[in-house]
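Here is the structure we will look at.
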Amino acid sequence: MRVLALHIDDLLDIRREVTRPLTDKECWRYWHLDDCSERHHRARLGPMAEEGRDQRHLAVELFNEVWTLLDTDERTPEQDERMIHAAHGSRLHWEAAGTAENVAVGDWLCSRVYAVLGRAEPAMYHARWCLTRAESEHLPGWVRAEGHEAMARAHALLDELDEARRHAVEARAICDTIDDAEDREVVLGDLATLPFEQDA
């Protein structure tokens, strides 16, 4: 499971964490402020920054909700529908208050949700946006690699296996250039779940 954590002491900057949910203690640390601290941050950040903080908070919560639903066995149709809306909601809030990297990951998440639900056209739409933004904005290697992974997954849904494999190869080539071992392993883990990789 992937978790985005909001750290108050870094002026509510967003950082990406992977592989496990937050513990109760960490959730308290990230999300709860006493009244005095909250007033302090509101005064220091001002109303516009506070609005951005709220948008980021919502983006993170919706992102985490999507992963909770993705990890849920035998989701109901209502849960599938909520998962779609939560993914779009997270991406929308990132567009309002996040970075180009956040928005690209938001599109990647939407693509993954649609791929899991077997909906090829919107999966491809968001995969293309993720990869296009990652390349045009010169985002970190792991984002570009995940863009290719999303493209591979969407092409596989369309039975376009040559294109799917081409994007998977591109993603692995980028992984070879990623210095951060954790980022590299996350991408490789996603690539390992591609349907044509599992059938190999």
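Computed from the coordinates by the stated procedures, all read-outs in this text should not be read as laboratory data. Keep in mind it's a predicted model, so treat the numbers as computed, not measured. For neighbour counting, all protein chains shown are included, and Cβ atoms are generated from backbone atoms with ideal geometry for every residue, glycine included.
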What list of ³J(HN,Hα) values in whole Hz, one per residue of region 132-138 in order, does the Karplus curve 6.51 cos²θ - 1.76 cosθ + 1.60 (θ = phi - 60°) give from phi, with Gly and Pro shown as x? 4, 5, 4, 7, 5, 9, 6
Using a Förster distance of 30 angstrom, determine the FRET efficiency expected from the C-beta separation of Gln198 and Asp54, and round it to 0.05. 0.15
³J(HN,Hα) across region 185-191 via Karplus (A = 6.51, B = -1.76, C = 1.60, θ = phi - 60°), whole Hz, x for Gly/Pro? 5, 4, 5, 4, x, 5, 4
Starting with the fewest neighbours, write out Val105, Val116 ranked by other beta-carbon atoms found within 10 Å of each beta-carbon. Val116, Val105
Region 75-196: mean projected area of Cα convex hull, nm²: 7.3 nm²
Taking alpha-carbon centroids only, region 132-148 lies from region 101-124 a number of Å equal to 14 Å
Enter the Cα centre distance for the pair region 162-176 and region 67-81, rounded to the nearest angstrom. 29 Å
How large is ³J(HN,Hα) for each residue in region 70-87, as worked out from phi by the Karplus curve 6.51 cos²θ - 1.76 cosθ + 1.60 (θ = phi - 60°), to whole Hz, x for Gly and Pro? 4, 7, 7, 6, 6, 4, 7, x, 5, 5, 4, 5, 5, 4, 4, 5, 5, 5
